[in-house]
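The structure appears right after this line, and notes come after that.
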Amino acid sequence: MSEHLTFGIELEFAVGYLAPYDKTPEDLGNREARLPFLYDYINEFKWRDSCDFDNVLRDDCICSDSEIPTDGAMEHIADTLREANYSVQVAGPSSGTSHDLSKWMVTFDSSIHGPAKDCSRPGEMIGSGYRYFGIELVSPVLNFSSSSLQAVANICELLTSKYVINTNDSTGLHVHVGNGTDGFSFNNIRKLVSFFWAFTPQLNTLHPPVRQSMNHTGNTCYGSLRENSEFSLWCRTECTTNPSILKKLTILLDCVDQATLLKSIENLYSEDRGMAYNFMGLVEENGKPTIEFRQHEGTMDAAAATAWIETAVGIVNFCQNASAMSLNVLLNITMFESWERLFDGRDDERERVYGPPLAEDAFTVIDLLKHINLHGPAQFYEERGLYVHKNRVTFRDIYGCDEGDPETEDTDDGSRYEPSSDETESECPMVMSDGSEDGSGSNEGSE
C-alpha cells in the first residue's frame, strides 16, 4: 500500500421508497422501502387526510429540497451505518453542518434524480413503482490501506442490501487523494498534470460516454485537460499548427510556479465546476488540499468502487515517487500517438489511414496501469471491458471551434521530462510566470 497517502470518497446515489398505498414491487425482497419517516410525517399531518399522498408530497412544504422528509431519510441511513459500528453524522439540506473529517457524513443532494430524469421530486413515481430522493455519502479521511478499502466495500454492500439503491447519469463517485499532512510539492503537481495530459485518451476508456468531456448533453464538468482547460484553448487558437502531445507537455512543464500551472489547467467553460481530475482544492480558500478524481460514474458496486480508489491513489503514488527519467520514459510513449478522435465526422477516415488510436490498440489503459504497477485494477478493467468512444458532442457543435487536425500536428519528439531550454516566453505566454509567485512550496494538509 502507498505510504502516507490518504483518500476520501463521495458516493452519490438515489434511494427508492414507497408511499403507504403503493403496491409492493416484486423485486423489493428483504430491502426496506416503506421508510418510517414518511409514516411519521403523515401521522403528524392528519388534518390533511382529504389529500392523497401524492399531493401531500408535491406540496411546497415537502418539495425535493425540504428538510421534513429528507432529514428522516438521512437519519434512517445513518442509523443503519451506526448499527454496523461506523461513526456517522447527518447534515441536512440547509443545516450548514461542517464535515467532521473523522466521520462518515450523510447528506441530501437535490441534483440527484431517480432512474427517470423527470423523477427529481420525492413525490413522483416512475414505472418501477418506487419514488426517489438523492443522497450523498461522504467518507472520513482514510489512510490508504486494505482495511480502508474493505470498509468502503462493506458499506456499499450494506446499503445495497438494506435499501432500494439506484445510480444513474445524475450520480458520480468522487475520490479525493491527499498526502497526509505533507501536502503536494510543486514538482509532484507538475508530474501529475503531465500524466493526466499525456494519458487522457487511455483514462477516458474507463468511463462511459456520459462521463466524457463532451457528452450528448454538452456537459463539461468532467472536462479533460486536453479539451476543457485554459491551456487547451491557447493551443487551439494561438498555435499555427497543433503542437504534438510532447510539445504541449514541455510547455506545461515550463511553468515556473504552481499558481501559473494551475491557472492554465482551469476549466475553461465552468467557473464553479472542476475538471475530471481536479486541482481546485489546492488553491481555494478552505478547500481540500487534495487531487479530486471526478470522472467515475455513480456506483454502489463494491468491486468497481474499490478498483477506482486503487487507481486514483496508485496514479498519485506513481507520480510522487517516479524519477524524472522513469516518468520521461512513460511520457515518451505519446510519440506514437499519431492521432486522437476529434468527433468531427472524419475519424473513420483517419483510422483507415493511421490505424486505431494508440489508446485503443498499442498502449491501452490496461498497459498503462500495468506499467505503473496497478495490476489489481488492470485485471478488474480488463475483465470488465473498456469503452470505445466514437460519437460525442464536439467543440464545434457547442463553441464553434476545433481541437486541431492530426495531419497538421508538429511531430517534434525531442522533448524531455525536464523542460527544454530553447522554449521561449513568446511561444506560450499564458503559462509563463511573472515571477510574483513562489513555486517551491507545497500545499499543507490532507483531505
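The values are calculated or read from the model by the stated rules, or taken from the named source; none is laboratory data. In this text, all values refer to a predicted model and were calculated from it rather than measured experimentally. All Cβ positions, glycine included, derive from the backbone under ideal geometry; neighbour counts span all protein chains shown.
Kindly provide the set of residues from segment 173-203 that are in contact with a His (Cβ under 8 Å, 6 or more places away or on another chain) and either surrounded by fewer than 18 Cβ atoms within 10 Å (Cβ to Cβ) or at pLDDT 95 or above (or both), ordered by number.
Across segment 173-203, the qualifying residues are Leu173, His174, Val175, Gly180, Asp182.
If you take the residues in segment 121-141 that are more than 20 Å from Ala91 (Cβ to Cβ) and assigned to a loop (DSSP other than H, G, I, E, B), which one is modelled with the highest pLDDT? The extreme case among them is Tyr130. The residues of segment 94-109 that are part of a loop (DSSP other than H, G, I, E, B), in contact with an Asp or Glu (Cβ under 7 Å, 6 or more places away or on another chain), at pLDDT 85 or above and of a type outside the set (A, V, I, L, M) amount to a single one, Asp109.
Checking the stated criteria, Glu271 turns out to be of a type in the set (Asp, Glu) and at pLDDT below 90. Looking across segment 228-246, the residues that are surrounded by fewer than 22 Cβ atoms within 10 Å (Cβ to Cβ) and out of contact with any helix residue (DSSP H, G or I) (no Cβ under 7 Å at 6 or more places or on another chain) come down to Leu233, Arg236, Thr237, Glu238, Cys239, Thr240, Ser244.
There is at least one residue in segment 371-379 that is within 25 Å of Thr250 (Cβ to Cβ), at pLDDT 80 or above and surrounded by 14 or more Cβ atoms within 10 Å (Cβ to Cβ). Annotation: of all residues in segment 9-35 being hydrophobic (A, V, I, L, M, F, W, C) and in contact with a Leu (Cβ under 6 Å, 6 or more places away or on another chain), the one that is nearest to Gly178 (Cα to Cα) is Leu11. Within segment 1-30, residues that are surrounded by 13 or more Cβ atoms within 10 Å (Cβ to Cβ) reach partners that are of a type in the set (Ser, Thr, Tyr) and in a strand (DSSP E or B) with beta carbons closer than 6 Å, at six or more positions or on different chains, in the pairs Ala14/Tyr132; Val15/Tyr163; Gly16/Tyr132.
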